[in-house]
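*Asks:* Attaching a single structure in structure tokens format; questions to follow.
The values are calculated or read from the model by the stated rules, or taken from the named source; none is laboratory data. Because the structure is predicted, anything quoted here is derived from the model rather than measured. Counting neighbours? That spans all protein chains shown, and the Cβs are built from the backbone with ideal geometry, glycine included.
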């Protein structure tokens, strides 16, 4: 049951206009036409993606995991398809100094059951040395397989921050697809949910209705227009205040046992 305000034209500052249910439904139905078109276009793009050519590479190249060096083909775990996320790494940095953007991808896919049952394996690759990567994986509580690709050439190693897909045919390995930038967002369900909310993600680049609050307030830097830097909420301090300064951690790290306030990111370089 819904109620209609006495004055359906009333407004609340910084919020959507207040209307009756029928008016809302009409606007919702109009937007649905565009959403359905977007879905169909996404299906068409996926169909084109399945028709991309592929590149063969040496699947025996070794990566390093908890059992030491293993051939890349082992990451398929006997399946024919493999999706990996290439996680950036800061050599020598403490846990809080590792990449906040990559954390959003790795954190949102901690159970690959639905991929596995479809015949697809999943792994995370990082260019850091294994003796640094392993403690980080343990601290974060990740249960999916991680491997160091230190010194391994593309397409297994190379640039990080990518979602990459591979295909296996017996002992042959092939690169089929890769995406970076905002491409990995499809893993991050939180972003999709925020896109449904009236205030959105709160990022400075978003197209907001006039009068809608800009949420991206980062205490180190607050631009004159009141906006914040992109992805400002990916790091917070111990009090939950967004910050990309030395007191911040990637947000999920505050849920980890033993996480304490920090004073430095300790970054010595970016790979």
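*Asks:* Just one of the numbered conditions (1) surrounded by fewer than 20 Cβ atoms within 10 Å (Cβ to Cβ); (2) part of a helix (DSSP H, G or I) is not true of residue 91; which one?
*Replies:* Result: residue 91 fails condition (2) only.
*Asks:* Condition test on residue 108, is it touching a strand residue (DSSP E or B) at 6+ places or on another chain (Cβ under 7 Å) and at negative phi?
*Replies:* Numbers: touching a strand residue (DSSP E or B) at 6+ places or on another chain (Cβ under 7 Å): no; at negative phi: yes.
Against the criterion (touching a strand residue (DSSP E or B) at 6+ places or on another chain (Cβ under 7 Å) and at negative phi), residue 108 does not qualify.
*Asks:* Evaluate the following for residue 34: is it surrounded by fewer than 10 Cβ atoms within 10 Å (Cβ to Cβ), part of a helix (DSSP H, G or I) and within 28 Å of the chain's Cα centre (by Cα)?
*Replies:* In short, yes.
*Asks:* Also, I was wondering about something else. If we keep just the residues of region 241-270 that are surrounded by 13 or more Cβ atoms within 10 Å (Cβ to Cβ) and within 18 Å of the chain's Cα centre (by Cα), which is modelled with the lowest pLDDT?
*Replies:* Looking at the filtered set, the residue picked out is 244.
Conditions (1) part of a strand (DSSP E or B); (2) surrounded by 10 or more Cβ atoms within 10 Å (Cβ to Cβ); (3) at positive phi, marked per residue:
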| site | (1), (2), (3) |
| --- | --- |
| 41 | no, yes, no |
| 47 | no, no, no |
| 63 | yes, yes, no |
| 69 | yes, yes, no |
| 74 | no, yes, no |
| 78 | no, no, yes |
| 83 | yes, yes, no |
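*Asks:* Only one residue in 204, 224 is at pLDDT below 85 and buried (at least 17 other Cβ atoms within 10 Å of the Cβ), so which one is that?
*Replies:* Working: 224 fails: buried (at least 17 other Cβ atoms within 10 Å of the Cβ).
Every option except 204 fails the conditions.
*Asks:* With the structure loaded, tell me whether residue 218 is modelled with pLDDT of 90 or more and at negative phi or whether it fails that test.
*Replies:* Working: modelled with pLDDT of 90 or more: no; at negative phi: yes.
No; evaluated as a whole, the condition is false for this residue.
*Asks:* Kindly indicate whether any position in region 131-154 is in a helix (DSSP H, G or I) and over 20 Å from residue 105 (Cα atoms).
*Replies:* Taking region 131-154 and keeping what is in a helix (DSSP H, G or I), we get 131-140.
With the extra rule that they be over 20 Å from residue 105 (Cα atoms), the set shrinks to 131.
Within region 131-154, one or more residues are in a helix (DSSP H, G or I) and over 20 Å from residue 105 (Cα atoms).
*Asks:* Counting only residues that are free of Cβ contacts under 8 Å to residues at least 60 places away in the same chain, under 20 Å from the mean Cα position of the chain (by Cα) and assigned to a loop (DSSP other than H, G, I, E, B), how many does region 159-183 have? Write out each step before concluding.
*Replies:* Let us first name the residues in region 159-183 that are free of Cβ contacts under 8 Å to residues at least 60 places away in the same chain, namely 170, 178-183.
Filter once more, so that each one left must be under 20 Å from the mean Cα position of the chain (by Cα): 178-183.
Narrowing the set further to residues that are assigned to a loop (DSSP other than H, G, I, E, B) leaves 180-182.
Total meeting the criteria: 3.
*Asks:* Considering only region 98-120, how many residues are in a helix (DSSP H, G or I) and buried (at least 19 other Cβ atoms within 10 Å of the Cβ)?
*Replies:* So in region 98-120, the residues in a helix (DSSP H, G or I) come out as 100-108, 113-117.
After this cut, where a residue has to be buried (at least 19 other Cβ atoms within 10 Å of the Cβ) as well, the list is 100, 102-107.
Total satisfying the criteria: 7.
*Asks:* Sticking with this structure for a sec: What is the one condition in (1) on the phi < 0 side of the Ramachandran plot; (2) surrounded by fewer than 20 Cβ atoms within 10 Å (Cβ to Cβ) that residue 123 does not satisfy?
*Replies:* Failing condition for residue 123: (2).
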